[in-house]
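Report on the following structure.
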C-alpha cells in the first residue's frame, strides 16, 4: 500500500456536538482544522492530532438525525503520545470513547495509535499484515502494525461482536491516505476483504472508498488531491 500521508486518521460519530467539541479541544487540547459538509445532515469537524495539516486527524462527525447505537466497532481506544508524561493516563469523552495519553515510546508509539479488539488475532494479523502489507511490530501486549507513524494494536477479545455500520455512535472508522484508491480497493477485495462502499469522487477534493476487515471494522481508502496532486475536475 503506497501511503500519501504517514498517519492514520480516525472518525467518530455523535449527536452531541457541543459537549464533544468542548472536551476534545479543552481537555485533550486539539486544534480545530476546518468544517466539512458531508451531506445528509452530517458535518465533519476536523481536528489536528499532531504535526499540523499533514499529520493525523480526528474527524468528529456530527449527525443532525439520531444515530443508531449499533454493535460497537472494534476500534476501542485512541492513544496519543505526549512528551510530558511518564506513565499512561486514560480518559473518556462525553460519549464514552476511550483515550489513552501515553509517554513517547510506550509500546512503540511515538505519535498516535489505535487499539482494535478482535475475537481472532490470526485474522487481525492476516488483514493488516498480509493484505494491507503493513510492517509488523513486537509489543509486550500482542501483535501490532505500523502504518506510517501510526501504530495499530491488536487486542484479543473473544466477546467482540462483528462491527456494525460505520454511521453510528462512537469510534467507527479509520482513514488511510494513499496514492490510488481504486487499485487498493480492488486489491483488498481480491484478498478476501469485504466492500463497505465502492470508490466514488467527492467534488474535486478526494477519490475514496470503504473496505471492511474480517471483523467488520471500516477502513476508508482516501486518495486526497491535496496530498497526491491528482486533478478530479
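Does region 154-165 contain any residue that is surrounded by 21 or more Cβ atoms within 10 Å (Cβ to Cβ) and either part of a helix (DSSP H, G or I) or touching a helix residue (DSSP H, G or I) at 6+ places or on another chain (Cβ under 9 Å) (or both)? Within region 154-165 (the criterion being surrounded by 21 or more Cβ atoms within 10 Å (Cβ to Cβ) and either part of a helix (DSSP H, G or I) or touching a helix residue (DSSP H, G or I) at 6+ places or on another chain (Cβ under 9 Å) (or both)), the answer is yes, since at least one residue qualifies.
The residue of region 133-149 that is surrounded by the fewest Cβ atoms within 10 Å (Cβ to Cβ), among those that are at pLDDT below 85 and in a loop (DSSP other than H, G, I, E, B), is 140. Look at (1) out of contact with any helix residue (DSSP H, G or I) (no Cβ under 9 Å at 6 or more places or on another chain); (2) at pLDDT 95 or above and you find that residue 230 fails only one, number (2). Would you confirm whether any residue within region 203-211 is surrounded by fewer than 19 Cβ atoms within 10 Å (Cβ to Cβ) and at pLDDT 95 or above? The answer is no; no qualifying residue exists. Look at (1) surrounded by fewer than 15 Cβ atoms within 10 Å (Cβ to Cβ); (2) more than 30 Å from residue 158 (Cα to Cα) and you find that residue 45 fails only one, number (1).
The values are calculated or read from the model by the stated rules, or taken from the named source; none is laboratory data. This structure is a prediction, so every number in the text was calculated from the model and none was measured. Here Cβ is always computed from backbone atoms with ideal geometry, including for glycine, and neighbour counts include all displayed protein chains.
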